[in-house]
Amino acid sequence: MITRRVLLGTALALGLAGTAAAEFPERSVTLVIPFAAGGSTDVVGRIVAERMSQELGQQIVVQNVGGAGGSLGAQQVAAADADGYTILMGTVATHALNPLILKQKPYDPVADFAPVSLLVLVPNVLAVNPELPVNTVQELIDLAKTEPLAYASSGNGTPLHLSGELFKSMAGIEIDHIPYKGSGPALTDVLGNQVPIIFDNLPSASSHISSGKLRALGVTTAERAASFPDVPAIAETLPGYETYSWNALFAPAGTPPEAIEALANAAKAAMADPAVAERMAEFSATIVASTPEELAEHVKTEMAKWEPVVKDANVSMD
């Protein structure tokens, strides 16, 4: 009788433990967005957080932690408790560029994080002020070989800066880089023809392209963007050229597998929602909704791609 009671008690305990593990999350989850409110990463993050909250049955609370090109927010999540209740909206900056550019490494993008899901890819765009006498990528390359030109970006070491550096390297040309403190100031000067060329996120520049205030020469993804099908891919002129921004979910390293699985499943369901897909299309974003394993490989591939570009451009930051 005693043995039977012990066995029943053990079975009950194991059952309760399994139920508790399956019930993640039991409270709200904090999603750290490592940039200021209002940018494309913030907007994507809030859309996804709202839909994932419905799937998880618990609120995902968005917390903006801007600074140091996304490194401050990423560092905060890397140091958080590994329980699944603090996660990061990572980007190409937090998990590929900053670790290559920063002299002081505040975190390891591989060892300090548990991948959850690669959510979306977002094209960048090469655009010019309409007063610049070029209509194609090849015409810009030809002009750059005959006269000095400059391009604007949202800042040193950003994906847009390095998109420009990769373009210069592959085209065999020299164009001066003019860094700004954000996309807004950069766009203002290009619209005013203070600087003739810009590399920008396509969502940020799209309204100016549609109005004719900017002339889009090419998108940076391997294929044309569905929202601007008449704008060629730069790769149509420079085969192999490809850059993009991306958004992905990460948790601290050591987060329990059941929490990672629950978050990944919620992310997949959220991205499959037609309403979410419609919102992502407004940003010219391509939905991926990868597995954790696929995101891990993506991070390694991105770091390998950008390392020679950062080295050749001699980009470093304190």
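The values are calculated or read from the model by the stated rules, or taken from the named source; none is laboratory data. Keep in mind that this is a model prediction, so the values were computed, not measured. Positions of Cβ are generated from backbone atoms using ideal geometry, with glycine treated the same way; all protein chains shown enter the neighbour counts. Side chains included, ligands, DNA and RNA excluded: accessible areas come from the protein's heavy atoms. Shrake-Rupley method; radii C 1.70, N 1.55, O 1.52, S 1.80 Å.
Just to be sure, is Gly254 over 22 Å from Ala171 (Cα atoms) and touching a residue at least 12 places away in the same chain (Cβ under 8 Å)?
yes
I'm trying to understand the selection: among the residues of region 304-318, which are open to solvent by less than 60 Å² (accessible area, probe 1.4 Å) and either at pLDDT 95 or above or more than 17 Å from the chain's Cα centre (by Cα) (or both)?
Val309, Val310, Ala313, Val315
Among the residues of region 62-82, is there at least one that is out of contact with any Pro (no Cβ under 9 Å at 6 or more places or on another chain) and within 22 Å of Ala281 (Cβ to Cβ)?
Yes, the conditions are met somewhere in region 62-82.
Is it the case, given these coordinates, that Thr291 is of a type in the set (Val, Ile, Thr) and touching a residue at least 12 places away in the same chain (Cβ under 8 Å)?
yes
Quick one: count up the residues across region 12-51 that are open to solvent by less than 10 Å² (accessible area, probe 1.4 Å), part of a loop (DSSP other than H, G, I, E, B) and modelled with pLDDT of 95 or more.
1
Among the residues of region 199-226, write down those that are free of Cβ contacts under 8 Å to residues at least 24 places away in the same chain and within 20 Å of the chain's Cα centre (by Cα).
Ala222, Glu223, Arg224
Just for strands (runs of 3 or more DSSP E) wholly inside region 99-179: which have at least 3 residues that are β-branched (Val, Ile, Thr)?
Correct list: 113-128.
If a residue has to be open to solvent by 60 Å² or more (accessible area, probe 1.4 Å) and polar (S, T, N, Q) to count, how many in region 194-227 make the cut?
The number of residues fulfilling the criteria is 4.
Restricting the first residue to region 138-150 and requiring it to be more than 20 Å from Val231 (Cα to Cα), which pairs with a second residue that is open to solvent by less than 30 Å² (accessible area, probe 1.4 Å) and in a loop (DSSP other than H, G, I, E, B) meet a Cβ separation below 8 Å and a spacing of at least six or different chains?
From region 138-150, the pairs are Ala144/Ile173; Ala144/Ile175; Lys145/Ile173; Leu149/Ile175; Leu149/Pro196; Ala150/Ile175; Ala150/Val195; Ala150/Pro196.
Go over the candidates Leu143, Leu160, Leu187, Leu119 one by one and state the one that is over 17 Å from the mean Cα position of the chain (by Cα) and open to solvent by less than 20 Å² (accessible area, probe 1.4 Å).
Every option except Leu187 fails the conditions.
Any chance you could count how many residues in region 278-294 are assigned to a helix (DSSP H, G or I) and either over 18 Å from Gly84 (Cα atoms) or in contact with a Gly (Cβ under 9 Å, 6 or more places away or on another chain) (or both)?
Qualifying residue count, region 278-294: 6.
Quick check, is Ala275 surrounded by 13 or more Cβ atoms within 10 Å (Cβ to Cβ), small (Gly, Ala, Ser) and assigned to a helix (DSSP H, G or I)?
no
If we keep just the residues of region 67-81 that are open to solvent by less than 40 Å² (accessible area, probe 1.4 Å) and assigned to a loop (DSSP other than H, G, I, E, B), which is farthest from Pro203 (Cα to Cα)?
The residue in question is Ala80.
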